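See structure below.
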2 protein chains.
Amino acid sequence: MLRHVILLFAVVVYLTESLSIVNPGPQYPPTKGSIWPRPHQQTQTDSYYKLNPSTFVITEKGKTCDILKDAIDRYMKVLRNTYLIVEKYSRKLSRHGSDADNFDDNFKGTLQELQINLSAPCETYPHLDMDEKYSLDVAKVSVLNSDSIWGVLRGLESFVQLFYMADGYKNVLINATQIQDFPKYTHRGLLVDTSRHYITVPTLLKTLDAMEMNKMNVLHWHIVDDQSFPYKSDMFPQLSDAAYDPTMVYTAVDITQIVSYARHRGIRVLPEFDVPGHTSSWGVAYPNILTKCYSLGRELGLGPMDPTKNITYKLIGDLIREVQERFPDKYFHVGGDEVELDCWISNSEIRDFMKDHNMTDASELHSYFMANVIPLLGDRSKPIVWQEVFDEGVSLPSGTIVQVWKNTEAREMQNILSGGYKVIYSSSWYLDHINGGGDWAKYYGVDPREIVKGSVPEDKEVDILGGEACMWGEVVDDTNIISRVWPRASAVAEALWSGHKYETMPYLRHWYQFREDSAHVVSSRLEEHACRMNRRGIEAQPPNGPGFCVTGNYF
Amino acid sequence: MLRHVILLFAVVVYLTESLSIVNPGPQYPPTKGSIWPRPHQQTQTDSYYKLNPSTFVITEKGKTCDILKDAIDRYMKVLRNTYLIVEKYSRKLSRHGSDADNFDDNFKGTLQELQINLSAPCETYPHLDMDEKYSLDVAKVSVLNSDSIWGVLRGLESFVQLFYMADGYKNVLINATQIQDFPKYTHRGLLVDTSRHYITVPTLLKTLDAMEMNKMNVLHWHIVDDQSFPYKSDMFPQLSDAAYDPTMVYTAVDITQIVSYARHRGIRVLPEFDVPGHTSSWGVAYPNILTKCYSLGRELGLGPMDPTKNITYKLIGDLIREVQERFPDKYFHVGGDEVELDCWISNSEIRDFMKDHNMTDASELHSYFMANVIPLLGDRSKPIVWQEVFDEGVSLPSGTIVQVWKNTEAREMQNILSGGYKVIYSSSWYLDHINGGGDWAKYYGVDPREIVKGSVPEDKEVDILGGEACMWGEVVDDTNIISRVWPRASAVAEALWSGHKYETMPYLRHWYQFREDSAHVVSSRLEEHACRMNRRGIEAQPPNGPGFCVTGNYF
């Protein structure tokens, strides 16, 4: 069977190559009003309405709160801006008058209103188990229903995405549409690394805007690492002596702004303080908490945190309490990846400690370290750890989330699920591994639960809570992070929100695996979505090949 | 010998890997005041001066012209802006007073003046044989000498690059320095493709700013291709029906602006109208000039231009004359790459034509086509062609430049040089082939003349005039072109301006090949240069790994 699939594929490729005639125009003409990520269920008719942003209103018919009021303002602005592009375009081409009334029989007039029925009071902060379900009915008087403010936010995003420009950018239209929608996965994250390069606050806020557009709901903030410590602590101000520069820090005020901005978009901000490895920067102010590494009797430098010293845990514990005050999320990522066990073993004091504690392997020391750190979270937050912590046999509290990032993901996830823990998945979604255009497709064709399907009990599959696209910061900063992440992370966003329902074919995770949607349609949909992001101020790069996007920014 | 080199390399890699201790801070600390590309000869002392932009002046002691006056204004602005960053930084950190006077004995006071001695009248436009040599002496009264306005422009760029921020961004300083400088290669280009994606005029101007900073002197404008025809012709206005959008065109006014902006920076703008392949977009308005392709008797679509019809040549000739009026450069790129000879052969009328003209091979038809097109340039411009035109045996006028882009570059360049033609080189410099950070190094270690050293007579080496970094546009548009090109093209810029003087090791074109400069120093220099570009408004991406750049844009 596999051989037949490969043969068929080879034949298709050969035929495609031999017809090398290129047509003028974009490689994938963008769709019109296709929602990204694809809703669970959507029925669309040919009936359509016009938008007039000066008469159109969004009204609160149920509960309301600051989040909803802010969202209505925000999305009205999006609609007005879409309309402005159309007006500006006509001016640019000196087009007088309008054939706006040359509509066919399917035209049903001007959209009047969107009524929002929120049936329950707003929750304060988004959380892992939040309800994001909504239903939307687009008609002259449209209705958006949800039991949750978070569902309302997702529905508003879908609503504005349904609008499209038509008739040579003369009109903004929307088709009569019914949607029932909810996400397949509850944890749909983006990891941003602000240690390898400092990312400015405005760029982080723009990242949140883009996440909202993709219905992603967790900003995993890998805030410090070996290279720099931009978190500005009040309790330990000297830690940020290891910021790249005194101007390159995140103060309590910055963090509050980011958390609040995210909250208004239904996005959790998950802090990561990675220990005991990736901590060189901690040693600028506190060298004593790090381990001296040796080779052939020569001191090489400082390695991971010293797991034998009480002051190490004291510092971590105090810092965690401060961080918990700034980040309201109920989870806290304590890292635990890539610990240089060799360094620990090279240090005679640590070897002595291991002997005294009957440890024969350095992984036991890692286990000991994490076992001491995790209780420091107290009742305030539950831990998330990188997979090594599980791999090295650390006893973890039930409900702990393990983030899988290595390429042995199938076996790893089976083990974690069997152990009673929960999983978030990242192995295929490292955005720092870059290729030419179209490399979003390799992210797109991955569905974490499909990877373990059949090899774990079905009721365990749901313990894969979701996943994260990871933008490690070695080669991105403010100059390129937005265009590097978007729309590549959009592929992950759709994989996690919509799921794919394809058969498990772990040996083939590529575009030709798409089932419900042909690769062509998905590419065209992403072409529209990237352009939509451009229009909303997100510099998403071209997703596929040749094409264009009318934004109104250049004329 | 080769085996020893590889073994040694393997050992070095192993040792480096085993010491995996990461220090806090940037991977490559930027240099301070290192000029990119490296000057031919530079002597620097420890004596240094302070900049006070409100008293410092640049004066014209020799000839002058609009280009020089404009350049003085521009570079004074650069210096003032550098100074403003320092002031803004102090305000941000609420730093009062200044320890600006805590200078050591090497401090020689405040820089007073830069005298520019231009000994010859300005030329109107930059050209292939322009003189870019200059000498610079930085002292309290500094002197820049050149026999050419183009040399003055290069010298001014070097001058402002010598300034650096010191003492925690408290001061802008410059060291006493003597420079004798000129380029190794005369053609140092960047190809920009505006057909696969439209690039806006402001972004093209910004590209010219960045080229000036890298002493690149040819913008190779691959203006039209299969996908779109953004060139707006007055003679054939319908051609730009194949623009992606009516707003996405380059008018005569746009082109004049771009050519003038480039002229002021000593940059030639070389137009390319690629024929007979890559011409689908021409067929939107003029389908009759393209060839119908067939497979098994079925018409597949339109292929390359039809070489058998007079109207094809009439259209090309008329268009060339219009383009020549808009682009003053003495060269004209007529393309000639990747012609689908199979399409020609599939067409029975073309087969008949070949029979009538005693042609047995489609490459003879390509030859026939180019032989008809090149004379259309008249006396006004000389041709540049892609290598296929040479490969297929087209008889070319002496002095024709052949652009080498395939991977068989050594043999190809030997053949072209033996044939009496000139070469520009691009094979290793396709910027659309992307990898993670640091991939500039693979461009850096290439010197076109070194590739043929020993295999062609020494007096033929100079017929390799230079090369071009090529940014094909499939996956770049305004959102990412600047950060994708810079500082990766800077590596090409230094290879072409400074040369490398390493032994010929065609099997090893990597960073460990650098000789005069260690890879570490070059990386640190490029770190400074990328940051310098950031400060001057060019969003160059991080060149290496972890690091930072204080620009003043984010506070």
Note, the stretch A:20-27: 3J(HN,Hα) by Karplus (6.51, -1.76, 1.60, θ = phi - 60°), whole Hz, Gly/Pro = x, goes 8, 6, 9, 8, x, x, x, 5
Distance check, please: which entries in B:K184/B:K215; A:K292/A:K406; B:K232/B:K422; A:K92/A:K215; A:K170/A:K206 exceed 23 angstrom between their Cα atoms?
A:K292/A:K406; B:K232/B:K422; A:K92/A:K215; A:K170/A:K206
Taking a ≥ b ≥ c as the square roots of the eigenvalues of the Cα gyration tensor, with a/c under 1.5 meaning rounded and otherwise prolate when a/b exceeds b/c and oblate if not, the protein assembly as shown is oblate
Between B:D147 and B:A252, what is the FRET efficiency for a Förster distance of 35 Å, r being their Cβ-Cβ separation, to the nearest 0.05?
0.55
Helix A:149-161 versus the longest principal axis of chain A: what is the Cα-based angle in degrees, 0 to 90, to the nearest 10?
50
Would you mind listing the distances between the B:T43 label point and the same position in each other copy? Use 7 Å along Cα-to-C-beta, nm, one decimal, shortest first.
8.7
Between helix A:2-18 and chain A: long-axis angle, C-alpha atoms, 0 to 90°, nearest 10:
50
Residues of the stretch A:18-60 losing 20 Å² or more of accessible area relative to the isolated chain, 1.4 Å probe, heavy atoms only?
A:L19, A:S20, A:I21, A:V22, A:P24, A:G25
In what order, largest first, do B:S398, B:S295 sit by accessible area if the probe radius is 1.4 Å?
B:S398, B:S295
Which whole-Hz ³J(HN,Hα) couplings does the stretch B:522-530 yield from phi under the Karplus relation 6.51 cos²θ - 1.76 cosθ + 1.60, θ = phi - 60°, glycine and proline marked x?
4, 4, 5, 5, 6, 4, 4, 5, 4
List the residues, sorted by chain then number, that are 5 or more residues from B:E113 or on another chain and whose placed amide H is less than 5 Å from its amide H.
B:V57, B:S142
Under a crude label model (7 Å from the Cα following the beta-carbon direction), how far is B:E458 from B:K140 in nanometres?
4.7
Taking all protein chains in place and a 1.4 Å probe, what share, in percent, of the accessible surface of chain A do carbon and sulfur account for?
51
Which trypsin sites (Lys or Arg not before Pro) in the stretch B:105-183 pass both tests, a DSSP loop state and at most 13 other beta-carbon atoms within 10 Å?
B:K140
Label 7 Å beyond Cα on the Cβ vector: B:A252 copy-to-copy distances, nm:
6.6
Where does chain A land at 222 nm, in deg cm²/dmol rounded to the nearest 500, when only DSSP H runs of n ≥ 4 count, each adding -39500 (n - 2.57), divided by all residues?
-10500 deg cm²/dmol
Determine ³J(HN,Hα), in whole Hz, for all residues of the stretch B:197-202 in sequence, where each value follows from phi through the Karplus function 6.51 cos²θ - 1.76 cosθ + 1.60 and θ = phi - 60°; x replaces Gly and Pro.
9, 6, 10, 6, 4, x
What does the buried accessible surface come to for A and B, summed over both chains, with the probe at 1.4 Å? Round to 100 Å².
4400
In peptide A:274-281, what is the residue-averaged number of other protein chain Cβ atoms found within 10 Å of each Cβ?
2
Per-residue SASA entry for B:D459, accessible area with 1.4 Å probe, Å² rounded to 10
120
Show which aspartates and glutamates lie in cross-link reach of B:K77 when reach means a straight Cα distance below 14 angstrom and same-chain residues fewer than eight apart are skipped.
B:E157, B:D209
Determine the order of A:L296, A:L144 by accessible area, beginning with the largest, at a probe radius of 1.4 Å.
A:L296, A:L144
Singleton cysteines, chain A, no second Cys beta-carbon under 4.7 Å -> A:C470
10 Å Cβ neighbours from other chains, averaged over peptide A:467-477
4
Point-charge dipole on Cβ atoms (K/R +1, D/E -1) for chain B, about Cα centre, debye to 20
1700
Using alpha carbon centers only, the stretch B:49-113 is separated from the stretch A:57-133 by a whole-angstrom value of 51
On C-alpha positions alone, give me the angle between the axis of helix B:66-92 and the longest principal axis of chain B, in degrees, nearest 10.
50
Charges at C-beta only: +1 for Lys and Arg, -1 for Asp and Glu. How large is the resulting dipole of the stretch B:325-403 about its Cα centre, in Debye rounded to 20?
440
Compute, for A:T124, the solvent-accessible surface of its heavy atoms (probe 1.4 Å) with the complete set of protein chains present, and express it in square angstrom to the nearest 10.
90
With DNA, RNA and ligands ignored, accessible area of B:Y331 (1.4 Å probe; Å², nearest 10)
20
Can you pull the one-decimal nm distance between simple spin-label points at A:N288 and A:C65, each 7 Å off the Cα toward Cβ?
4.5
Check: the stretch A:35-161 dipole with +1 on Lys, Arg Cβ and -1 on Asp, Glu Cβ, in debye
520
B:N171 long-range amide H proximity, modeled H, under 5 Å:
B:A166
Note every residue of the stretch A:170-201 with a reduction of at least 50 square angstrom in accessible area, all protein chains present versus the isolated chain, computed with a 1.4 Å probe, or write none.
A:H197
Using a probe radius of 1.4 Å on heavy atoms only, what accessible surface per residue do you get for the stretch B:41-181? Whole Å² is fine.
44
What distance in nm separates the two pseudo spin-label positions at A:E113 and A:D432, each 7 Å out from Cα along the beta-carbon direction?
5.3
Using modelled amide H (1.01 Å from N, peptide plane; none on Pro or chain starts), what sits under 5 Å from the amide H of B:Y331, excluding residues fewer than 5 places away?
B:K382
Of the DSSP beta bridges with both residues in the stretch A:41-181, give the percent that are antiparallel, rounding to the nearest 5.
60
Just checking the output field for B:243-253: average partner chain Cβ neighbours within 10 Å of each residue's Cβ?
4
Run through the other copies and list how far each one's label point is from that of A:Q178, in nm with one decimal, shortest first; the point sits 7 Å from Cα along Cα-Cβ.
8.7
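The values are calculated or read from the model by the stated rules, or taken from the named source; none is laboratory data. Since this is a predicted model, take the numbers as computed values, not measurements. Here the Cβ is made from the backbone with ideal geometry for all residues, glycine too, and neighbour counts use every protein chain on show. In case anyone asks, the SASA skips ligands and DNA or RNA and just uses the protein heavy atoms, side chains included. Shrake-Rupley method; radii C 1.70, N 1.55, O 1.52, S 1.80 Å.
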